[in-house]
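For reference, the structure discussed in these notes is given below.
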Amino acid sequence: MSSLNTAAELWFTPAMQEPLRTIEWVGVKPGARLPGRVRMIDQTRLPEKLVYLETDNLQKIWTAIKTLQVRGAPAIGIAAAMGVVAAVQKSKARTGAELVAEVERAADHLATSRPTAVNLFWALDRMRRLARVNHRQAPDAIKQRLVREAMKIRDEDAAMCRAIGRHGAKLLKNGFTVLTHCNAGGLATAEFGTALAPIYTARNQGKDISVFADETRPLLQGARLTAWELSQAGVEVTLICDNTAAQVMKEGRIDCVMVGADRIAANGDSANKIGTYSVALAAKAHGIPFYVLAPTSTFDLTLVSGEKIPIEERAAEEVTHGFGRRTAPHGVKVYSPAFDVTPARLITAIVCERGILRPPFGAVLRGCSRQR
Ligand code: MRU
């Protein structure tokens, strides 16, 4: 397959003739990975501007995660892994043990950026473990291993998304319309996405698939990001307000729901963007299949159920000020959880890179994560 065809399979801007890369590590000098920096799409600027943020500064990477310049569970895991490399690449540590201590400090700090997506902690654990087992090596050798690991996390995510696309496309018949919530597309991952991956794959298989995208209050990831990336890829997309989802289901316009996840507990309960739970309830009421699509890096089998998933609360201003304009009275009380948990009983199947998992989820989730 030519490189242009590969690009055409992606969620990409035809005018650019090249695939978009949500996040990557770029060496400062050609041919060398170190020193280097993170290059990521600044998602707060979309859909108006496609702007890249380049930095090797730990605090800027922390802020990029916190402020959703980079967002989506797999993408923030990759950003965190690259953040560790950025933090230690110029270290003057004289021993491996000193460098490991710096890795731990950077990882501890990055772990405070956002609490819900387990991919962040999963990626940081990989970086910590790698540093620890190599603590007897020279600092420069550990640095080289760390940068390779961060790039591997990115590449593995891209491969897992492709596999999710292949499995998930089996659920999509020609002519289907999919409803999605938030953005679990290429922008939320290394590339290609999770919930949107089957749509790209099915489209590439010649199926005619269209999408209803919830706008996703309060930060409008559906409107700003999903509608943008699907339009760029030439997929027919209709934007709806969140409160229109049940209505379009009732009107018989939706064949299935596909959403991503930030953390999937051992029983299949799945945390995703606030509003996902209401979509799942509406889908159940209308007899519409509800699919959760996520790589195994999103599984958290240490939690028996979704009750213990930590849910991030966001600032009141995100609700009261919309995008720069006050839309609520001064001093009004606000409650703004960024995520909710959809109970496993509402989920028709979980699609991961290993295949399509059907309920009851306990044993199949354990089986998949053992294969990791
Ligand atoms: O707050 P966000 O934009 O990071 O929330 C993202 C989501 O809820 C996504 O659906 C989830 O991370 C899956 S991304 C493949």
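The values are calculated or read from the model by the stated rules, or taken from the named source; none is laboratory data. These figures come from a predicted structure and were not determined experimentally. Every residue, glycine as well, gets a Cβ built from its backbone with ideal geometry; the counts of neighbours run over all protein chains shown. To get the accessible areas, we keep the full protein, side chains included, count just its heavy atoms, and leave off ligands, DNA and RNA. Shrake-Rupley method; radii C 1.70, N 1.55, O 1.52, S 1.80 Å.
Odds and ends about this structure:
- Any helices (runs of 4 or more DSSP H) falling wholly within the range 57-133 and containing at least 2 residues that are of a type in the set (Gly, Ala, Ser) and free of Cβ contacts under 8 Å to residues at least 40 places away in the same chain: 96-110
- Filter pass, residue 278 being among the small types (Gly, Ala, Ser), open to solvent by 20 Å² or more (accessible area, probe 1.4 Å) and either closer than 29 Å to residue 300 by Cβ or modelled with pLDDT of 95 or more (or both): yes
- First in the range 169-181 and within 13 Å of residue 254 (Cβ to Cβ) and touching a residue at least 60 places away in the same chain (Cβ under 8 Å), second anywhere and β-branched (Val, Ile, Thr) and surrounded by fewer than 20 Cβ atoms within 10 Å (Cβ to Cβ), Cβ under 9 Å, 6 or more apart: 177/238; 177/248; 179/240; 179/248; 179/288
- Within the range 325-349, being open to solvent by 20 Å² or more (accessible area, probe 1.4 Å), within 30 Å of residue 170 (Cβ to Cβ) and among the hydroxyl-bearing types (Ser, Thr, Tyr) holds for one residue alone: 348.
- Any hit, the range 317-326, residues being within 13 Å of the ligand (Cβ to nearest atom) and closer than 17 Å to residue 117 by Cα: no
- Selection count, the range 185-212, where residues are open to solvent by less than 20 Å² (accessible area, probe 1.4 Å) and either in contact with a His (Cβ under 8 Å, 6 or more places away or on another chain) or in a loop (DSSP other than H, G, I, E, B) (or both): 10
- Complete set of residues in the range 104-141 that are open to solvent by less than 40 Å² (accessible area, probe 1.4 Å) and either within 16 Å of the ligand (Cβ to nearest atom) or assigned by TED's automatic domain parsing to the domain that holds residue 352 (or both): 110, 111, 113, 114, 116, 117, 118, 119, 120, 123
- The residues of the range 176-185 that are more than 7 Å from the ligand (Cβ to nearest atom) and within 8 Å of the chain's Cα centre (by Cα) amount to a single one, 185.
- For residue 75, the requirement of being away from the ligand (no atom under 16 Å from the Cβ), among the aliphatic types (A, V, I, L, M) and closer than 30 Å to residue 183 by Cα is not met.
- Scanning the range 350-372 for residues that are within 16 Å of the ligand (Cβ to nearest atom) and open to solvent by less than 10 Å² (accessible area, probe 1.4 Å) yields 350, 351, 352.
- Pick from the range 312-345, criterion among the hydrophobic types (A, V, I, L, M, F, W, C) and in contact with a strand residue (DSSP E or B) (Cβ under 6 Å, 6 or more places away or on another chain), ranking: nearest to residue 280 (Cα to Cα): 341
- Taken over the range 284-336, the criterion of being farther than 30 Å from residue 350 by Cα, within 24 Å of the chain's Cα centre (by Cα) and either among the aliphatic types (A, V, I, L, M) or not assigned by TED's automatic domain parsing to the domain that holds residue 245 (or both) is satisfied by 315, 316, 319.
- Any hit, the range 269-276, residues being more than 14 Å from the ligand (Cβ to nearest atom) and assigned by TED's automatic domain parsing to the domain that holds residue 213: yes
- Of residues in the range 213-226 being surrounded by fewer than 23 Cβ atoms within 10 Å (Cβ to Cβ) and part of a helix (DSSP H, G or I), the one farthest from the ligand (Cβ to nearest atom): 223
- Cβ separations smaller than 6 Å between residues 6+ apart or across chains give the following pairs from the range 319-330 residues that are farther than 17 Å from residue 224 by Cα to residues that are among the hydrophobic types (A, V, I, L, M, F, W, C): 320/328.
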